[in-house]
Amino acid sequence: MQPFELTIEHAAAAIAARTLSPVELVDSVLDRCDAVERRLHAYVTVVADRARQDARRAEKEIRDGLHRGPLHGIPYGLKDLFDVSGIPTTASSRVWADRMPDGDSTVATRLAAAGAILIGKTHTHEFAYGLLTPQTANPWHADAIAGGSSGGSAVAVAAGSALFALGTDTGGSIRIPAALNGMVGLKPTYGLVSRHGVAPLAWSLDHVGPIARTVRDTATVLSALAGHDPADPASAAAPAHAPAAYPAGPRGLRGLRVGVPDTYYFDRVDPQVEAAVRETVELLRELGAAVTPVKLPLVEHMEATQWGLMAPEASAVHEETLRAAPHLYGPDIRLLLEAGSHVSALDYLRAQRTRSLISDAWIRLFGGVDVLIAPTSPITAARRGQETVRWPDGVTETVTDAYVRLSSPANITGFPALSLPVGTDSAGLPIGAQLIAAPFSESVLFRVGTVIEEQRTDTGGPADVPRTVAIHESSDS
Amino acid sequence: MAAARPYPPSARSAPPPDDRPGEVAELAARLGRLIGRLRVLDLDGVTPAPVFRAPAGPAPTTPGPLDAAL
């Protein structure tokens, strides 16, 4: 096994035992980058010299007895919306083609303090306003999309060119690419992780979170990220302990109350995706969980609420720039931003008030269950160029609408949601299941997710990229 | 959130004329119809909740012992 194939957990153990140096690990990841980047295009910018310098510093610190914890010497990627002083933040947009930040995002500062080593900035769908990340390829199948908007982050982790990466999630942009690339992705509780120094898409829906290869690794990264930040007006003064009904301790899943939505999350879902998630539900039942069907309230208003919030907020974020240089935006983003500026204040406030109704109903729902389980997305990775999905009942929806349908409720409510791999379809494309818990109950997600993960033998490793065909090769060579 | 907004664009050339006003109007109308579906809800007495609000608690901190939860 090459160092780049290690999970954070195993790499950290090897570094702590001095059987692996951060220099070896970073060199291995950078070599992997060289080997796969021409095919995958996960990164906008790779900072190899800086990474090697940081690795040598980490190696010296550890040799001198200063060990910063489980992320010390661990290489990672940052979605190219996060500011790091001295490295361009482009948002994968011509609008920010040469923008150089003069400060660090709070999460970059926290990861630096934890000793993590930045490999580079990863591609996003332009300004995170989309779920495709067309620049980037899926490492599992040459003809499949990476998903987005944190597509570069998910692909970097899946390919082994980072051990973890950060993304943002406004309507599913961490969980969807994590699911489509066989990775674990967490959208934490709203306000738990600072967004200071991160380009916004829609302030009241934006979350920052980790993508990693295992649930344990995801928990390790969240521990380094979480905490109050006065620089982010939405940063939460969180309770010191998760208000979880599910008791902590090594008791398997006995006592866990699992809710399975009987509508919405299983409507218009690919049969292979549904089968994999329902098999996971049965697994939880066999392991002692009490599984009950639940009827989710107000689900028929999710799509309207998501768009009623996201469209005008995004248009407000970009108002000045859109007026000054609309031609610098990609045509899909420009169209969304211009159309979003026509949403009335009354409609926006109606969406806000509907969110109140939905959140209150969901809080009551979680009085009866500890965790919901559902598909992360109704389909696996779509084919490149595929625009729509047609369902057996005759309904046709866009690929983007299909993806956002199951992920947006956790953005609207701000509840934490974890996507983890639970199988593959007949084409070998990963299937993701989504666990949703009450606010600040990330520990419940991690416990349940770890139990699921421990029952599988096909997770935790990188994709076998060399077997895939290079979709960009002809344009690069 | 400082440094978290689109900065002035790097190239300040004059924008070309918009040749897609019909597309924008069409999408705006679709958005209006979609969001307009919320008008069926009885929102009397419901105040906006811009974000989820954490309950008042002690000093800001991390969300409990995440690693211990494993």
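Coordinate-derived values only; no laboratory data. Since we're looking at a predicted model, the values are computed, not measured. Cβ: placed from backbone, ideal geometry, glycine included. Neighbour counts: every protein chain shown.
Determine the calculated [θ] at 222 nm for the protein assembly as shown from helices alone, applying -39500 (n - 2.57) to every DSSP H run no shorter than 4 residues and normalising by the residue count; nearest 500 deg cm²/dmol.
-11000 deg cm²/dmol
I'd like the FRET efficiency for A:Gln455 and A:Thr263, computed as 1/(1 + (r/R0)^6) with the beta carbon distance as r and R0 of 35 Å, rounded to 0.05.
0.80
Size of the dipole of the range A:1-78 about the Cα centre, Lys and Arg at +1 and Asp and Glu at -1 on the beta carbon, nothing else charged, in debye to 20?
140
Shape of chain A from its Cα gyration tensor (a ≥ b ≥ c, root eigenvalues): rounded if a/c is under 1.5, otherwise prolate when a/b > b/c, or oblate?
rounded
So how much slack lies between A:Ala275 and A:Asp464, counting 0.36 nm per residue of separation and subtracting their Cα-Cα distance, in nm?
Values: separation 189, 0.36 × 189 = 68.04 nm, distance 2.48 nm.
Gain on extension, A:Ala275 to A:Asp464, equals 65.6 nm.
In straight Cα distance, which aspartates and glutamates are under 12 Å from A:Lys121, not counting same-chain residues fewer than 8 positions off?
A:Asp80, A:Asp83
Roughly how many debye, to the nearest 20, is the charge dipole of the range A:296-413 about its Cα centre, given +1 on each Lys and Arg Cβ, -1 on each Asp and Glu Cβ, and no other charges? Working shown, then result.
Details: 10 positive and 14 negative charges, 23 e Å.
Approximately 120 debye in magnitude.
Could you derive backbone 3J(HN,Hα) for the range A:127-137 from the dihedral phi with the Karplus parameters 6.51, -1.76 and 1.60 (θ = phi - 60°), listing whole Hz in sequence and x where the residue is Gly or Pro?
Once rounded to whole Hz, the list reads 6, 6, 9, x, 10, 10, 6, x, 5, 10, 9.
Which cross-chain or sequence-distant (5 or more) residues have an amide H under 5 Å from the amide H of A:Gly423, H modelled 1.01 Å from N in plane?
Amide H neighbours of A:Gly423, under 5 Å, 5+ apart: A:Ile431.
Which whole number gives the average, over all residues in A:225-237, of C-beta atoms from other chains lying within 10 Å of the residue C-beta?
Partner-chain Cβ atoms within 10 Å, mean over residues of A:225-237: 4.
At q = 0.20, 0.21 Å⁻¹, what base-10 log of I(q)/I(0) does the Debye formula yield for the range A:1-151 when every alpha carbon is treated as an equal point scatterer in vacuo?
Computed log10 I(q)/I(0) values: -1.24, -1.31.
With a sphere of radius 14 Å drawn around the Cβ of A:Phe366, what net charge do the other residues whose Cβ falls strictly inside it have (Lys, Arg +1; Asp, Glu -1)?
0
So which aspartates and glutamates can A:Lys60 reach, going by Cα to Cα under 19 Å and dropping same-chain residues fewer than 8 places off?
Partners within reach: A:Glu24, A:Asp27, A:Asp49.
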